[in-house]
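The values are calculated or read from the model by the stated rules, or taken from the named source; none is laboratory data. Since we're looking at a predicted model, the values are computed, not measured. Don't worry about glycine lacking a Cβ; one is built from the backbone with ideal geometry, like all the others, and counts go over all protein chains shown. Each accessible area value is taken on the protein alone, full model and side chains, heavy atoms only, with ligands, DNA and RNA left out. Shrake-Rupley method; radii C 1.70, N 1.55, O 1.52, S 1.80 Å.
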Amino acid sequence: MAEQTIYQMLRESARRFESRRALGYKEDGAYRYLTYGDVWRRVRSFRRGLASLGVRRGDRIALLSYNRVEWAIADLTAQSLGVVTVPIYHTLPVEQVEYLVRDSASRVLIVEDARQLVKAQELRPRVRTLEHVVVMRGPAAEDVLRFDEVLARGGPEGPMDDKLDRQAEEIAPDEVATLIYTSGTTGDPKGAMLSHRALLHTGTAAREFVRLDETDVFLSFLPLCHIVERVGGHYLPLSVGALIVYSEGPFAVAGEIADVRPTVFLCVPRLYENVQEKVMEHAARLPARRRRVFGWAMRVGREYAERRSRGATIGPALALQRRAADQIVLEQVRRKATGGRVRFLVSGGAPLGSETALFFESIGVTILEGYGLTECPVIALNRPGRSRLGTVGEPLPGLEARIADDGEIHARGPSLMRGYFGKPEATAEAIDGEGWFNTGDIGEIGPGGFLRITDRKKDIIVLANGKNVAPQPIEARLKRSPYIQEAVLIGDRQSVMVAIVVPAFDRLRHWAAELGVEAASAEALAAHPDVKRLIKAEIDRCSEGLADFERVRRFALVDHAFTIDGGELTPTLKVRRREVARLYAPLIEQLVR
């Protein structure tokens, strides 16, 4: 398997699982499915269509779309042609899309719908290499091809397929399959060149310790532009004959979990945090007796989970209580939160809060937290039956990790990128002569080889007194408060630590109503003196045990959630620290005076 290309992997799966469901999607309120045989035939047809447009091995095609069948078909077709795909987040504004299409010198841009087509038409005259625009759904415009038209252009199967098959067999596992651009929290995005070997390695390695097969169901929610979803929610399930069902997005995912009942689900911590919050908010509104029973069950589940994580003895009394708690409460919570069939969840892309991880373990669902970057997809992962809360697990088979003298994590292995596209100097800065990749993350390797991430190297705050502060662990502490959704620490070259805080407005509204505080809007809540006193008390409570210089001394409340469109979040839902500092500079200036 390690020596396969993506084309060879798909061909083998189509042969073994031809009649099994491969891809699912919702249309007109009902779920529809393509079998592995259907996918294989569509890929071959679309391949003939792209070849008729003059697309050749080594060319780049860009995909501007959320997760859907056409995205998968386009990507798998490209890999069957030796063409490099350039996935682009559908939420990006036209200026950033234009940069990625131009930087990658893409010849074809495939867009999802009319909204994305507007971006394509605007940038098209300014990108010299762009020859074709294809729209997946909706009406086409002048000089724009519909996706179905490209499928039809391929015509019936024939001699061209034999020629294209021979060319596909010539593709080497180490050839570049995709350019995935870093999210650009600092400076311009860089295109990480990832090979077929790199994209398939995660699945190959994971199957050494995780049972996955054709009976599994994946709900594809995390954007396919995200490296975790690409390797773990796209190529991995396709390689074992599993079913992938595409989500319609954040507003639909709760209902989809109940309908699809996935067995495996990959996501970033933010969604898991939201699920936890919704469960706890619902519990807080239960009648007093049911609320007490819920609290008892969660305490039992928590103690059981903590002992398991430490490798401590459970004991018959706790085991009996855990079974009772599961029958009375936890099974219902588990079904509501995950659909009831999930064998494990996978979390990546950002640090998972320990309270969130422990919440899911308490209700009987394991979150396998992992660690990786665009440049090296999955470096470490916790394993079923061998998971340690607060860590990102052990390095995957074939991957090596070490800690440099300054605490930075270095990694190397078969999934490492080939370099940054068109940027040899940046590549040389990121990867040393021995093949070690400088991750930019600070961490430590503890007993048993478990890796723990403590902070981002570039995020270290240096106070005016020379003290160094790692902001992420402190921010994670503050977000344990049910009234704080986001907290961003600011303090570089300042005398004290300050914070920009986004309140958890849904919880605040319940609090305000119970206490008779009049504040109807989010703006009124953020400005209310009682709310400020509450948040101050929460910050102080969550800061217990911190050094004096690490404590937040001043803070400002903002009256809206951070968003991708607003610029505070990356497309992978990580906070853009520098952008927050820029956007809220006037507030910060008032805090540090």
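Numerical summary
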read-out	value
Charge context of Arg507, other residues only, Cβ under 10 angstrom, K/R +1, D/E -1	-2
Accessible solvent surface per residue of the chain, calculated while the other protein chains remain in place, 1.4 angstrom probe, Å²	43 Å²
The chain: angle of helix 269-284 to the longest principal axis, Cα-based, in degrees nearest 10	40 degrees
MRE, 222 nm, helices only [DSSP H, n ≥ 4, -39500 (n - 2.57), over the chain, to nearest 500]	-11500 deg cm²/dmol
Fully extended contour minus Cα-Cα distance, from Leu318 to Glu95, at 0.36 nm per residue	74.5 nm
The chain: mean projected area of Cα convex hull, nm²	28.6 nm²
Simple label model, 7 Å out from Cα along Cβ direction - Gln327 to Glu214, nm	3.8 nm
Cα centroid of the stretch 121-179 to Cα centroid of the stretch 318-371, whole Å	43 Å
FRET efficiency, Asp143 to Glu170 (Cβ-Cβ, R0 30 Å, nearest 0.05)	0.35
Distance (nanometres) between label positions extended 7 Å along Cα→Cβ at Ala524 and Glu131	6.1 nm
Those lysines that a straight Cα-Cα span of less than 27 Å connects to Lys574, excepting residues fewer than 8 apart in one chain	Lys119, Lys190, Lys278, Lys336, Lys423, Lys457, Lys458, Lys467, Lys479, Lys532, Lys536
Fraction of antiparallel bridges per DSSP, the stretch 333-418 only, in percent to nearest 5	75 percent
Surrounding net charge for Arg107, when Lys and Arg each add one and Asp and Glu each subtract one, Cβ distance under 13 Å	+4
Computed label-point distance, nm, for sites Ile564 and Ala258 using a 7 Å Cα→Cβ extension	2.5 nm
Share, in percent, of DSSP beta bridges within the chain that are antiparallel, nearest 5	55 percent
Sites Arg343 and Ala585 - FRET efficiency at Förster radius 35 Å, r taken between beta-carbons, to 0.05	0.15
Accessible heavy-atom area order of Thr204, Thr178, highest first, probe of 1.4 Å	Thr204, Thr178
0 to 90° range, to nearest 10: angle between helix 69-81 axis and the chain longest Cα axis	50 degrees
Met417 - accessible surface, heavy atoms, 1.4 Å probe, Å² rounded to 10	10 Å²
Net +/- balance of residues flanking Ala152 in space, Cβ distance below 15 Å, scoring K and R +1, D and E -1	+3
Those residues of the stretch 451-488 whose amide nitrogen sits under 16 Å from the label point placed on Asn274, 7 Å along Cα→Cβ	485-486
In degrees, nearest ten, helix 36-52 long axis to first principal axis of the chain (Cα)	60 degrees
Relative contact order (%) - criterion: Cα under 8 Å, at least six apart; region: the chain	11 percent
Nearest-10 value in Å² for the accessible area of Arg299, using the 1.4 Å probe	150 Å²
Lys, Arg +1 and Asp, Glu -1 on Cβ, resulting dipole of the stretch 471-532 about Cα centre, debye, nearest 20	260 debye
DSSP beta bridge pairing in the stretch 1-112, given as percent antiparallel to the nearest 5	40 percent
Sorted largest first, extent of the stretch 8-84 alpha carbons per principal axis (Å)	37, 29, 18
Protection proxy ranking, peptides 377-385, 577-585, average beta carbon neighbours within 10 Å, highest first	377-385, 577-585
Cβ charges +1 (Lys, Arg) and -1 (Asp, Glu), total dipole of the chain, debye	1500 debye
